[in-house]
Amino acid sequence: MKLSFINKKYLGIFTAVLIAFTPLASAYADGSNVLTYDEAIKIALRNNRNLTKLNDQLDNLDKQLTTPSGAPPFILQVQPSLSAQLTQKSVKLNNASKTVKLNFETLTDALELSIKGSFYKIDILKDSIAMKEKKLLDAQDKHRILSLKFRNGMASKFEVEQSEIGMKQLNEDISAEKLSLEKEFENLKSTLGTRVFNYTDVEELPVEYTLVDELHIKPEYQAAKAVTDSPAIFAQQKAIEEAELGVVLTPLFIMGAGTDAGITPVNIQKSEIKLKDTELRNAKDELYFTVVGTYNNIKSIENNIAQLEVQLDTLNKNIDAMKARLDAGVVSKRDLDNLLIMKEELVVGLDSLRASHTMLLMQYQKPHLLGLSS
């Protein structure tokens, strides 16, 4: 959800629409208490305190930008130092306003990313728990048969103990994933910014799997876009520009004060600018390698997905063959059930990889999200 702001007016309209049409507890026509993805985004945007804070900051900056200086034009002509101060203040206010707008846009994208991640994780955990519970039932059934064989001298004690260890591990895995599921719901509530959660579940969100190269956007282009859209780098760039302006205006400040006392010498200001410039170059380089690294990670996941898809295709063929053998009475239903459980496990693994791929791809398409820590 890419948001663009031409001026503050549209930000106010956007916020007003959210407040008017986003109740805390959704009243669905069918009375459902399942939270939809779109509804979750609306709630998060309305309740997020950081967005509210940014909105307030923008209000304050706009007021300062539109407030007259109170100094008549002829005063500015005879007092160049005052003119310099007003120029410097105007530049800083404009830069701050643009930075806040970039932060607002980035935060809305980050909220969408976080919510999508929670929806995916909840779906995958539920599927994984269901799959492991089936494995546990199968393991318990096999353990009963193995125990009977052991009592009749047809199986070893070691086999029985290994079976018990396997069941214990499955129980522990299921408990851990159930705990992870509860934590993810809590994480989602935190992202939504509400203590009252009137939903018992979230909608199943389909994973949209698209190969990165099908987007036809090169890592180098996305790296440049990341630099342009990153609030942190934008702020660094504007800080350098403001410092350079300060160097230009310093003689006027000295002229107005009649002394250079209390005014940072130009040579020191230039040294500080060089340091800021080095920090900016480092930040750009770091973001560049982050974007390129993200592209490489996406390609690596795609290779893993392709391999699992081949395994799944082979397994489906084996399942079809096993069904034919079962109909012919050559194998037991348990043999088929084992393959079906293997397929469920493989599908869960595939879904998890595809979800991870989608999350990385979303960041790659909106690379300013990769520069949040820059």
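The values are calculated or read from the model by the stated rules, or taken from the named source; none is laboratory data. The structure displayed is predicted, hence computed values, not measured ones. Please note: Cβ atoms are built from the backbone with ideal geometry, for glycine as well, and neighbour counts cover all protein chains shown.
Some values worked out for this structure:
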quantity	calculated
Hits in the range 189-212 - residues which are in a helix (DSSP H, G or I) and over 21 Å from L353 (Cα atoms)	K189, S190, T191, L192
Qualifying residue in the range 206-229 (condition: farther than 30 Å from Y288 by Cβ and in contact with an Asp or Glu (Cβ under 9 Å, 6 or more places away or on another chain))	no
S356 vs. criteria in a helix (DSSP H, G or I), under 21 Å from the mean Cα position of the chain (by Cα) and free of Cβ contacts under 8 Å to residues at least 12 places away in the same chain	no
Residue match in the range 252-268 (condition: under 19 Å from N94 (Cβ atoms) and touching a residue at least 60 places away in the same chain (Cβ under 8 Å))	no
Number of the exception - L170 against (1) closer than 30 Å to T108 by Cα; (2) surrounded by 16 or more Cβ atoms within 10 Å (Cβ to Cβ)	(1)
Within the range 309-339, considering residues that are assigned to a loop (DSSP other than H, G, I, E, B) and small (G, A, S), the one surrounded by the most Cβ atoms within 10 Å (Cβ to Cβ)	S332
Residues of the range 359-374 that turn out to be buried (at least 17 other Cβ atoms within 10 Å of the Cβ) and either assigned to a loop (DSSP other than H, G, I, E, B) or free of Cβ contacts under 8 Å to residues at least 12 places away in the same chain (or both), as a count	2
Every residue from the range 173-203 that is of a type in the set (V, I, T), under 25 Å from E133 (Cβ atoms) and surrounded by fewer than 14 Cβ atoms within 10 Å (Cβ to Cβ)	T200
Cβ-Cβ under 6 Å pairs, at least 6 apart or on other chains, the range 117-138 side of a type in the set (A, V, I, L, M) and modelled with pLDDT of 95 or more, far side buried (at least 19 other Cβ atoms within 10 Å of the Cβ) and not in a helix (DSSP H, G or I)	I122/V202
Residue within the range 274-281 that is closer than 28 Å to K116 by Cα and of a type in the set (K, R) present	no
Condition check for N297: modelled with pLDDT of 95 or more, under 24 Å from the mean Cα position of the chain (by Cα) and either outside any helix (DSSP H, G or I) or loosely packed, with under 13 Cβ neighbours inside 10 Å (or both)	no
Options M131, M154; residue that is under 32 Å from the mean Cα position of the chain (by Cα) and assigned by TED's automatic domain parsing to the domain that holds I174	M131
Residue satisfying condition, being surrounded by fewer than 15 Cβ atoms within 10 Å (Cβ to Cβ), in a helix (DSSP H, G or I) and outside the structural domain of D351 (by TED's automatic domain parsing), within set I273, I254, I268	I268
Test: residue in the range 213-220 that is buried (at least 16 other Cβ atoms within 10 Å of the Cβ), under 24 Å from the mean Cα position of the chain (by Cα), not in a helix (DSSP H, G or I) and not basic (K, R)	no
Residue check, A235 touching a Ser or Thr at 6+ places or on another chain (Cβ under 9 Å) and under 28 Å from N94 (Cβ atoms)	yes
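To keep it simple, each residue is scored yes or no on (1) in the same structural domain as L136 (by TED's automatic domain parsing); (2) at pLDDT 95 or above.
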residue: S175; (1), (2): yes, yes
residue: L179; (1), (2): yes, yes
residue: Y199; (1), (2): yes, no
residue: V202; (1), (2): yes, no
residue: E220; (1), (2): no, no
residue: A223; (1), (2): no, no
